[in-house]
């Protein structure tokens with residue numbers, strides 16, 4: 001499963017090269033992390049990072065499942081979304097480890113960017129945890145550099161506030177279910 005990112009990047013780079021978009025300018029890569037405090041145990045909060053349960057706290061989250069066709073939360077699920085700027089994105093859930101609080105995705109926006117998202121939830125005590133979310137984004141074509149550049153400290157702080165507020169709001173309302 002760990003090689004999905006490399007394979008996805010390779011395929012996307014091949015696609016960009018065949019389209020004549022790569023090779024004329026430098027493409028960039030950047031990583032950015034943020035940590036949120038959550039009012040729930042690792043077992044309670046980790047499912048909220050899965051592709052189905054994210055809809056409980058993320059406005060506009062509407063994945064279209066490919067395999068399996070019905071929405072499930074397990075390693076290997078493939079689905080698509082549409083980005084805020086209208087680009088199609090292909091997602092692969094590469095790690096879904098509830099016991100150890102790990103959720104990881106590879107996201108490909110064809111001929112634009114390839115990203116991996118790693119979420120690690122750790123226990124603070126029986127009813128509190130913290131999650132560190134790390135994005136690594138690579139441009140696949142020169143115009144993808146603008147999307148890569150967005151992963152800065154300001155972006156991370158905005159994401160931290162949104163994720164922490166939204167997820168804790170769901171937890172406060174009793175949003176815990178299997």
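Rule-based calculations on the coordinates, nothing more; no lab input. Remember, it's a predicted structure, so these values are computed and weren't measured experimentally. Virtual Cβ from ideal backbone geometry, glycine too; neighbours counted across all protein chains shown.
Sorted from fewest to most neighbouring beta carbons within 10 Å, what does the list 125, 116, 44 look like?
Details: 125 7, 116 22, 44 17.
Ranking 125, 116, 44 by Cβ neighbours within 10 Å, fewest first, gives 125, 44, 116.
Given points 7 Å out from each Cα along the Cα-Cβ axis, report the residue 83 to residue 58 separation in nanometres with one decimal.
About 1.4 nm, to one decimal.
What is the percent of Cα-Cα separations in segment 4-172 that go past 20 Å? Intermediate values should be presented prior to the final figure.
Values: 7534 of 14196 pairs.
Summing the P(r) of segment 4-172 above 20 Å gives 53 percent of all pairs.
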